[in-house]
Each structure stands twice: as structure tokens, then as C-alpha cells.
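Working notes, beginning with the structure itself.
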Amino acid sequence: MTMRALLLRGMLVGLVSAALALVFAWIFGEPQVSLAIAFEGHQAHEAAAAEPETVSRIVQQTSGLAVAIGLFGVAIGGLFAVAFALAYGRIGGFGVRATSALVAGGGFVTVVLVPFLIYPANPPSVGVGDTIGARTGLYFAVIAISVAIVIASVQVGRRLTVRLGNWNATLVAGALFVALVTVTYLVLPEVNEVPADFPAVLLWRFRLASLGTQVVLWSALGLVFGALTERSLVARPRATQETASVG
């Protein structure tokens, strides 16, 4: 298959995965966001008059959320297709579906889980407006560091495979990954802007819903992309054979 075909497939599958993640976010995430905004409104009412909304809550819950997740899914789907093309046939004797699942799992850990463990998601009502630029910079820095750690760990594992075998080399690479992530966690500055009186249960449920949305998106991306790509690769040789026999 051409890179263009894989890229288009990845973007389309990313859009479908985003739709599934959107349903999950509506069911489990939006109720927590509404409660968090209600808490903020109550606090603002006690302190002073609340500022008017720039974007209405209805728009945030519907088209705003759908567009944001949809664009994210399309972008991630395209990057996923590129990563799959680079990984297929180069990370062992894995088939199409297994490679797709491994790439999805690696992408989730790298782009979502590691940044989440260091700087977990907070509801929109949590955080100081003046620090949003610094917090955004730190978050993207963690993603870049996480990608570098994954690449370094994979390279170390591949170099040790001949000497230690696949299993032991994988264990060493995994231990290196955990160690480097731990060092990153300890070195980076701590960010804690959650108000002391913010409900702990609400914060926990929001973070679980946020992480669950990403789990749905990446799981669907890996499974659907692998199934469609495998079907295309199986059908292509058959079509070639039929053409040759007719000729």
C-alpha cells in the first residue's frame, strides 16, 4: 500500500475513533465538567459577580467538544499511520493487527499516559489563568521528553537483543523506560493549582473520564486500523492473482 493510502486511512479511522471517544466523553466526562463549572460559579458568586461566558456552555458541550475531539482524532490518525508504516516489519515478526495494536499502545503510553502521570488533567474550572502558558509549555515538554525516552528505550532493547535475547532485552528496555520517566517526574517542577476546597471525588472522576476518553480513542484506532489494513493487504494479492490468471 502507498503511504498516501495509509495516511488517508489513518485520518478516517482517527475520525471514527474520535466519534467513539466523543460518546464516552459525553456520558462520563461532561457531567463532571458541569459539576466543576457549577462549583466555580458558586465560588465566583460568593466572591463577586461572575464574568459573562465567552462561549456558551451548550456550545462547549456539543459542537465545541465534537470539533475539538474530531480534529484531534484526525491528526492523531495521520501520525498513527506514519508510525505504523515505520514500524511494520521492523519490530519483529508481528502481523498487521499486532503491529497496529503495539503502535497504538506505544502511542497511548507516550502521548497520553506519561504526561497524565506527571501533569494530570484538571477540570476547566481548576487552574490560574496567568499560568496557562507555562502549564501548556510544560505539558508539551513532557510529551517531547516521553517520545525521546521511548525511542532511547527501544534502541537499547534492540541492541541488547542479540546478547540477552528478546525477553531479557525487553525487560531491560522497560526498566530503563520506567527509570527515565521517574527521573523526569522528579526533575520537572510541580504544578498544583487545585483549590483546597475543591471536591476530591469530582476531581478523581474527571481525571478518570479524561483518561478513559483517550483509552477509547487509541484502542479503537489500533483495532480498526489494523483490521482494515490487514483486509486490504489480503485482498490485494488475490486481485493481482485474478488479473494474472485472466491475462
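The values are calculated or read from the model by the stated rules, or taken from the named source; none is laboratory data. Predicted model, so just to flag it, every value in this text is computed and none were measured. Here the Cβ is made from the backbone with ideal geometry for all residues, glycine too, and neighbour counts use every protein chain on show. Calculation scope for accessible area: heavy atoms of the full protein, side chains included, ligands and nucleic acids excluded. Shrake-Rupley method; radii C 1.70, N 1.55, O 1.52, S 1.80 Å.
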For region 201-223, name all the residues that are buried (at least 20 other Cβ atoms within 10 Å of the Cβ) and farther than 24 Å from Ile118 by Cβ. Ala220
Only one residue in Ala48, Ala75, Ala83 is among the hydrophobic types (A, V, I, L, M, F, W, C) and at pLDDT below 90. Which one? Ala48
In region 122-181, residue surrounded by the most Cβ atoms within 10 Å (Cβ to Cβ) [restricted to those that are in contact with a Leu (Cβ under 8 Å, 6 or more places away or on another chain) and in a loop (DSSP other than H, G, I, E, B)]: Pro123
Qualifying residue in region 189-198 (condition: of a type outside the set (A, V, I, L, M, F, W, C), open to solvent by less than 50 Å² (accessible area, probe 1.4 Å) and under 28 Å from Gly89 (Cα atoms)): no
Suppose the filter is surrounded by 12 or more Cβ atoms within 10 Å (Cβ to Cβ), assigned to a helix (DSSP H, G or I) and hydrophobic (A, V, I, L, M, F, W, C); does Leu228 pass it? yes
Meets criteria (touching a residue at least 24 places away in the same chain (Cβ under 8 Å), farther than 19 Å from Leu12 by Cα, in a helix (DSSP H, G or I) and open to solvent by less than 50 Å² (accessible area, probe 1.4 Å)) for Gly106: yes
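Where residues in region 79-90 are without any contact (Cβ under 8 Å) to a residue 24 or more places away in the chain and crowded, with 16+ Cβ neighbours inside 10 Å, which of them is nearest to Val150 (Cα to Cα)?
From region 79-90, those without any contact (Cβ under 8 Å) to a residue 24 or more places away in the chain are 86-90; that's our starting set.
Going one step further and asking which of them are crowded, with 16+ Cβ neighbours inside 10 Å, we end up with 87-88.
On the way: Ala87: 13, Tyr88: 17 Å.
Residue satisfying both the conditions and the ranking: Ala87.
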Condition test on Gly93, is it open to solvent by 30 Å² or more (accessible area, probe 1.4 Å), assigned to a loop (DSSP other than H, G, I, E, B) and at pLDDT below 85? yes
